[in-house]
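Every number in this text was worked out from the coordinates using simple rules, so none of it is lab data. For clarity, every value in this text was computed on a predicted model and none was experimentally measured. Backbone-built Cβ (ideal geometry, glycine too); neighbour counts: all protein chains shown.
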Amino acid sequence: MIRLDSVSKRHGKQILFLEASLSINRGEKLGLVGPNGAGKSTVFRMIVGQEPADGGNVVVDRGTTIGYFDQNVGEMGGRSVVAETLAGAGEVSEVGRELAELEHAMADPERADELESIIERFGTVQARFDELGGYALDSRAREILAGLGFRADIVDDDVGKLSGGWKMRVALARILLMRPDVLLLDEPTNHLDIESIIWLERFLRDFTGSVLLTSHDRELMNRLVTRIIEIEGGDLISYSGNYDFYEKQRDLLAQQQEAQFARQEAMLAKERAFIARFKARASHAAQVQSRVKKLEKIEKVEPPKRRKVVEFEFKKPPRSGEDVAKLSGVRKTYGKYTIYDGLDLLVRRQERWCVMGVNGAGKSTLLKLIAGETKADSGEVTLGASVKLGYFAQHAMELLDAGKTVLETIQGEFPLATLGSLRTLAGAFGFSGDDIDKPVSVLSGGEKARLVLALMLFDPPNFLVLDEPTNHLDMATKEMLMAALAGFDGTLLFVSHDRQFLRNLSNRVLELSDGGVHTYGGGYSEYVSQTGHEAPGVA
């Protein structure tokens, strides 16, 4: 359906692709992977014609419809959420608009002389609208919006009132409503909660068209894709299987290439030693010349490229008391809406609580209460003896000084630390090379989140309260963070939509639901086993 044939592409001096090829077949589910800046988004933009290839061809079969979701949603306002979703649904929305215009024209007495041709066109358009499922479009749009987390009272309200993250969900809903032949999805899960991610996973699994997506959600990639396309050294390399299988294949190929490289290096060293030893002897001139020619003809094996993953050993935090945080009879309301009434919770040292709950259940509010960012209407929230609390939330990124660089920001927090240790810290969170001199003002949301986490964890508190810490983190940084937190000798309370993060780090689960508050001993895996669902409200 879609082919990239020997495509070359560069941005300035950086060569992204050099005679790279890719094919997307009908019904395939593909994952596109590669480090930040490798050119994943460029692949999407070349396919939809937003960027031309410098060389080679991008071929899309005639009649193939493409739905493309990226992070640039544009302006939204003046329409309801559902109307905005319907307006961007591709051909079906355009046919629907023409149908409405024809209905208006048939009722217009001034166009009575055109009535016969209008009726004829109306029949054609109506048949196409029916073929595209237009009469069920409104209910389908509402179903998709519900799956992406929109409450029924929100979908008929002005889309302009929504935050940027929720507008992203509207943009995603529009693409899913299109039912194109091919879905191109660039990080579709960045602004979704766990319930919406699970719904999207099921939607894409049942989708009969082709899918090419990038995602930092390993669980989604493992459950959905059947082929991984890796951007590596200007090429597009195909691996069969899901993400886990791709990693094993890549590591195996790297080991094989390393062994082949080592064998060839040993052989070359032996030949060079012979040449060096006998090159001055006339009696061996023919043999020396023969071996020189042999070396010139040998095709050199390239050493395997290993991705550098920076590890950082975080300091051991001071020990807290056994009781870290206690909530007694806590009541909290927003307007007429009661979030908690009589909430009791005890968090003890070295427990790792993940908080589960549907939208509006009060997950972030619970973290704010414990962090002292908001107050309970009644009841008590107390921290235990010797507790040093660190709180991460998305708004923390707004407190960074836009006028400073990454390095200046870190140095400002830890003026006594060595430059080497601070550079290692920055590298562990994805700021290597010149990135450390970037001004905060030009950092993306994900880069700001990484910087805030780095500041928090260099001199770690003994009680970490984390609200969606993995938002926008790439897989390498996320795995580094998980490894660091796995060895963290303190207490954790966190909210996350990342199932791998939940599974690897939790040993307690707090579920907030309409039926009250439920606690589960054991971590997220045990919670799924006991409840039969991966998140509240998910069947």
Inset, instruction - List, in order, the whole-Hz ³J(HN,Hα) value for each residue of the stretch 493-500 obtained from phi through the Karplus relation with A = 6.51, B = -1.76, C = 1.60 and θ = phi - 60°; use x for Gly and Pro. - result: 9, 8, 10, 8, 9, 9, 5, 5
Inset, instruction - List the residues whose amide H sits under 5 Å from the amide H of Phe207, counting only those 5 or more places along or on another chain, with H placed 1.01 Å from N in the peptide plane. - result: none
Legend entry - Extreme residue, positive dipole direction of the stretch 76-163, given options Ala107, Gly123, Gly88 (C-beta unit charges): Gly88
Legend entry - Cβ-placed point charges (K, R +1; D, E -1), dipole of the chain about Cα centre in debye, nearest 20: 3320 debye
Inset, instruction - Work out from phi, with θ = phi - 60° and the Karplus expression 6.51 cos²θ - 1.76 cosθ + 1.60, the ³J(HN,Hα) of each residue of the stretch 193-200, listed in order in whole Hz, and give x for Gly and Pro. - result: 8, 5, 4, 5, 5, 5, 4, 4
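Which whole-number percentage describes the relative contact order of the stretch 289-399, with Cα contacts under 8 Å and a sequence gap of 6 or more?
Contact order relative to length: 30 percent.
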Legend entry - Bins of 10 Å, starting at 0 and running to the largest distance - Cα pair percent for the stretch 323-531: 8, 33, 34, 19, 6, 0
Legend entry - Dipole in debye (nearest 20) - the stretch 75-195, about Cα centre, beta carbon charges: Lys, Arg +1; Asp, Glu -1: 520 debye
Legend entry - Pairwise FRET efficiency - Ser163 versus His533, Cβ, R0 = 35 Å, nearest 0.05: 0.80
Legend entry - Selected from Ala266, His284, Leu253, residue furthest toward positive end of dipole (the stretch 246-297; charges at beta carbon): His284
Inset, instruction - Give, as ranges by residue number, the residues of the stretch 404-419 whose backbone N falls under 20 Å from the point 7 Å along Cα→Cβ of Glu313. - result: 417-419
Legend entry - Förster radius 41 Å - calculated FRET efficiency between Asp113 and Ala136 (Cβ-Cβ, nearest 0.05): 0.70
Inset, instruction - Name the residues whose placed amide hydrogens come within less than 5 Å of the amide hydrogen of Ser80, ignoring near sequence neighbours (fewer than 5 apart) on the same chain. - result: Val159
Legend entry - Normalised per residue, the volume of the convex hull around the Cα set of the stretch 246-297 (Å³): 60 Å³
Inset, instruction - Would you please give the FRET efficiency between Phe207 and Lys300, computed as 1/(1 + (r/R0)^6) with r the Cβ-Cβ distance and R0 = 51 Å, to the nearest 0.05? - result: 0.70
Legend entry - Projected area, mean over directions - the stretch 76-163, Cα convex hull, nm²: 6.7 nm²
Legend entry - Length gained when the stretch Asp377-Asp156 is fully extended (0.36 nm per residue, less Cα-Cα span): 76.4 nm
Inset, instruction - Could you tell me what % of all Cα pairs in the chain have separations over 29 Å? - result: 63 percent
Legend entry - the stretch 336-444: chymotrypsin sites (Phe, Trp or Tyr not before Pro) in DSSP loop, at most 14 other beta carbons within 10 Å: none
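With +1 on each Lys and Arg Cβ and -1 on each Asp and Glu Cβ, and nothing else charged, work out how big the dipole of the stretch 246-297 is about its Cα centre, in Debye to the nearest 20. Walk me through the numbers on the way to the answer.
Values: 12 positive and 6 negative charges, 91 e Å.
Charge dipole of the stretch 246-297: 440 debye, to the nearest 20.
At a 10 Å Cβ-Cβ cut-off, how would you order Arg281, Arg79, fewest neighbours first?
Placing the least packed residue first, the sequence is Arg281, Arg79.
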Inset, instruction - Before anything else, pin down the relative contact order of the stretch 76-163: Cα pairs under 8 Å, at least 6 apart, normalised by residue count, whole percent. - result: 56 percent
Inset, instruction - First select every other residue whose beta carbon is under 12 angstrom from the beta carbon of Ser8; then total the charges, Lys and Arg +1, Asp and Glu -1. - result: -2
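Is the stretch 1-146 rounded, prolate or oblate when judged by the Cα gyration tensor, a ≥ b ≥ c being the square roots of its eigenvalues, rounded requiring a/c under 1.5 and prolate requiring a/b larger than b/c?
Cα axes put the stretch 1-146 in the prolate bin.
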Legend entry - trypsin sites (Lys or Arg not before Pro) within the stretch 1-58: DSSP coil, no more than 13 neighbouring Cβ in 10 Å: Lys13, Arg26
Inset, instruction - Specify which residue in the list Leu389, Pro439, Thr405 is farthest towards the positive end of the charge dipole of the stretch 364-450, using unit charges on the beta carbon of Lys, Arg (+1) and Asp, Glu (-1), about the Cα centre. - result: Leu389
